[in-house]
Every structure is written in structure tokens, then in C-alpha cells.
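Participant: Below you'll find the structure I mean.
Computed from the coordinates by the stated procedures, all read-outs in this text should not be read as laboratory data. Treat the numbers as computed from the prediction; the structure is a model and nothing was measured. FYI the Cβ positions are ideal-geometry reconstructions off the backbone, even for glycines, and counts take in every protein chain you see.
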Amino acid sequence: MTALAEFRSVSFAYPRGTGGRPPFELRELSLTLEPGEVLGLIGPNAAGKTTVIRLLSRVLQPSSGTIVIDGQPASGLDRAAVARRIAVVPQDVPQGFPYTVEQLVLMGRFPHAPARFFESRADLLIAREAMALTDVEALAAEPLERLSGGERQRVVLARALAQQPRLLVLDEPTAHLDLRYQAECVALLRRLHRDEGLGILLISHDLNLAAEVSDRLLLLAGGRAVTSGPPHEVLQAPVLEAVYGCRVAVDKHSATGRPTVSVVWPEGR
């Protein structure tokens, strides 16, 4: 079976800035994401998670190594071809984006006919199905500027689903959601994973969310892979304490048996 995405010893370095601080480097990263798999990418700030998204979506080009998408070298695919295979869900839509919910979701159809100026009836049906899946159908005519952060997050997810990708890249998907919609987001991800066969790359600071929905975790720190494997193997207290620089406790969820991580707060003095 052809992998959805592969990084083969991929390295990348940003240009040196004016402040004298060494530029961030991603070094010799290898990963594979299979069809129907959920891979959780975790790590502290400046670990390289955002750089992985930019490389996978061809916003950045690796300085060495190879990225393969759906069996083809990414260097041979244009941006529209990549977008037909991979949809990225960012943390938010920029403020002041002058479109309605339906208009934004329909933008997800652009990679399928980049030279076309008007959407087809099929495009409208696919967009409405995506809005129904994410529970934003009732907001179709609403301007984006009137939505809450959680509503915008679900609209951006609907736009990604309208692309009909094989791989969904989620950057902090529950960052703006209240508890109810966090639970619904997890249920939706499981349904997409189970029913649609989508591969999912989940980038999250929420270690418990990542443990709950991921088949495997990849822990990054300082631009390098620290460890990877099933959640119960990666989420080990000594490893997390070394990477995050704080004490943690790792337990098992009483209902699911998945690992849960909590910070051991220092006592006040």
C-alpha cells in the first residue's frame, strides 16, 4: 500500500536573522503516514511542527532529503496537485476576511479546477456536505467576521473537507473550541478516520488529545525526532520531562485506557 506522505531524511534551515541567534533547523527527519492512519505530531514550542506543515504543503522546500506524497516526489507536483491530496486546517482564519461561510468553504474546490471562475452544481453539493459534517450549514450566509473562534475553526475544517483530500493536516484543531465542540471534533475525526479512510496528521500541544485520537505519536524537540511509536510508548514521564523541562505524571484514562499527562505543579514558597 502506497503511503500518503513520507519524509526521507528531510532537513531544512531558515535564513539567519539580524539578531545573531542561530536559525532554526529541521535535521534528518524521517516519517511515514499510511492511509487511514492518525499520526500525532507533538513537541514543545520551536520543535519544528509548523515547519513540517510548511514543507508538506510545499510552502517551503527541503534543503536535503526527499518528500514523497502519494507515491510521487513532492518536487514534481504543483501546488494544486498537492492540494488535491492534502488539506491543511490552520488554527484560524485571518481577521477581516470579507467572505461568507459558504464562500470560504467553496474555496476548497479551487484545486480541482484552478482555471475555472465559477463553481459547479457538484461543487455546491460537496461544499454543503462538508458544512453539514462540521455542523456549520446553518451559518452558510453569515460573514466570517461575525463568527466566534470556535465557529470559524469548524468552517475552516469544512473548507478542508471540501477539497476531498486523502490526507488532512490539523494544526491545533481544538484550540478555540469549548468542551462540547472539543468532544464533537474528536468524534468527527474518528468518523472521518473510520468511514472516509482519511489519513490525519494531527499537530497539537494537547498531549491528551493526541494520545486519545492518534494511532502513533512522533515527538519532536529542537528540530529532531526524539521518539515515535504508539501513545503508551511515547508518553513516558522521563522522556516528556527531559523534552518539556517540567515534572509530569502519566496515568491511564479510566474509560479508554489511553495515557493521560498532567503537570506536577511546583509547591508555592
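Participant: Would you calculate, for the chain, the mean residue ellipticity at 222 nm contributed by helices, counting each DSSP H stretch of 4 or more residues as -39,500 (n - 2.57) and dividing by all residues, to the nearest 500? Could the numbers behind the result be given before it?
Facilitator: Numbers: 9 runs with 80 residues, N = 269.
Here the helix-only value at 222 nm equals -8500 deg cm²/dmol.
Participant: Output wanted: per-residue J couplings in Hz (rounded whole) for the range 225-234, from phi through Karplus 6.51 cos²θ - 1.76 cosθ + 1.60, θ = phi - 60°, x for Gly and Pro.
Facilitator: So the J values, rounded to whole Hz, are 6, 8, 6, 8, x, x, x, 5, 8, 7.
Participant: Using a Förster distance of 25 Å, how high is the FRET efficiency between Asp92 and Gln61, based on the Cβ-Cβ distance and rounded to 0.05?
Facilitator: On the way: r = 26 Å, r/R0 = 1.03.
Efficiency, from the Cβ-Cβ distance: 0.45.
Participant: The range 121-241: D in µm²/s via Stokes-Einstein (Kirkwood Rh, Cα pairs, 37 °C, 0.692 mPa s)? Provide the component values of the computation, followed by the final result.
Facilitator: On the way: Rh = 15.8 Å.
The diffusion coefficient I find is 208 µm²/s.
Participant: Pairs of alpha-carbon atoms within less than 8 angstrom and 6+ residues apart define the contacts here; what relative contact order does the range 5-228 have, in percent? Write out the running numbers ahead of the final one.
Facilitator: Details: 418 pairs, mean separation 69.3, N = 224.
After rounding, I find 31 percent.
Participant: Quick check: the distance between the Cα centres of the range 95-119 and the range 205-230, to the nearest angstrom?
Facilitator: Distance between centres, Cα-based: 33 Å.
Participant: Okay, which of the range 186-224 sit inside 14 Å, backbone N to the point 7 Å along the Cα-Cβ direction of Ala46?
Facilitator: Answer for this model: 221-224.
Participant: One-quarter of the Cα convex hull surface for the range 155-224, in nm²?
Facilitator: 5.2 nm²
Participant: Measuring from the lowest to the highest alpha carbon on each principal axis, how far does the range 5-228 reach, largest first, in angstroms?
Facilitator: Sorted from largest, the Cα extents of the range 5-228 read 47, 41, 39 Å.
Participant: Taking the Cα atoms only, what angle lies between the long axis of helix 149-162 and the longest principal axis of the chain, rounded to 10 degrees?
Facilitator: The angle comes out at about 70 degrees.
Participant: If you don't mind, there's one more thing I want to ask. Between His205 and Lys252, what length comes free when the chain is fully extended (0.36 nm per residue of separation minus the Cα-Cα distance, one decimal in nm)? Please list the in-between numbers first.
Facilitator: Details: separation 47, 0.36 × 47 = 16.92 nm, distance 1.87 nm.
Computed gain between His205 and Lys252 is 15.1 nm.
Participant: Next question. If you put +1 on each Lys and Arg Cβ and -1 on each Asp and Glu Cβ, how big is the dipole of the chain around its Cα centre, in Debye rounded to 20?
Facilitator: Details: 29 positive and 30 negative charges, 127 e Å.
In debye, rounded to 20, the chain gives about 600.
Participant: So, one more: Grab the other residues whose beta carbon is less than 10 angstrom from that of Ala140, score K and R as +1, D and E as -1, and report the net. Show your work: numbers first, answer last.
Facilitator: Numbers: positive: Arg128; negative: Glu102, Glu137, Glu142.
Cβ neighbours under 10 Å give a net charge of -2.
Participant: Glu196 to Ala13: FRET efficiency via 1/(1 + (r/R0)^6), r the Cβ-Cβ distance, R0 41 Å, to the nearest 0.05?
Facilitator: On the way: r = 36 Å, r/R0 = 0.89.
So, using R0 = 41 Å, E works out to roughly 0.65.
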